[in-house]
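Report on one structure; see the data block that follows.
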Amino acid sequence: MMNLNLRNAIIHNVSGNNQSQLKDTIVDAIERGEEKMLPGLGVLFEVIWQHADDQEKTMMLETLEDGLK
């Protein structure tokens, strides 16, 4: 139940944000490198994944695979 509340809180905090605000949130989380920011990035990725078509998912997986080489 705690995870669901965290997920909902993260989504609530960024709902209605424009692309610039979303980018700032992502860049800030990555640049800070704080462990506590990882769940938020995970939730944002979950939203992206859920709304991506198969081609977009393949592209993300290829990018991820290349980045992990």
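The values are calculated or read from the model by the stated rules, or taken from the named source; none is laboratory data. None of these values were measured; they are calculated from a predicted model. For neighbour counting, all protein chains shown are included, and Cβ atoms are generated from backbone atoms with ideal geometry for every residue, glycine included.
For region 37-60, a residue qualifies if it is surrounded by 12 or more Cβ atoms within 10 Å (Cβ to Cβ), among the charged types (D, E, K, R) and more than 17 Å from N17 (Cα to Cα), and the qualifying residues are E56, K57.
Across region 1-17, what is the total count of residues that are part of a loop (DSSP other than H, G, I, E, B) and surrounded by 14 or more Cβ atoms within 10 Å (Cβ to Cβ)? Break it down stepwise before answering.
Initially, region 1-17 is screened for residues part of a loop (DSSP other than H, G, I, E, B), giving 1, 15-17.
Narrowing further to those that are surrounded by 14 or more Cβ atoms within 10 Å (Cβ to Cβ): none.
Residues flagged as part of a loop (DSSP other than H, G, I, E, B) and surrounded by 14 or more Cβ atoms within 10 Å (Cβ to Cβ) within region 1-17 amount to 0.
Is it true that some residue in region 18-36 is surrounded by 12 or more Cβ atoms within 10 Å (Cβ to Cβ), of a type in the set (G, A, S) and touching a Leu at 6+ places or on another chain (Cβ under 9 Å)? Looking for residues that are surrounded by 12 or more Cβ atoms within 10 Å (Cβ to Cβ), of a type in the set (G, A, S) and touching a Leu at 6+ places or on another chain (Cβ under 9 Å), one finds at least one in region 18-36, hence yes.
Among residues of region 1-19 that are at pLDDT 95 or above, those with a beta-carbon under 9 Å from a residue that is charged (D, E, K, R) at least six positions away or on a different chain give the pairs N17/D24.
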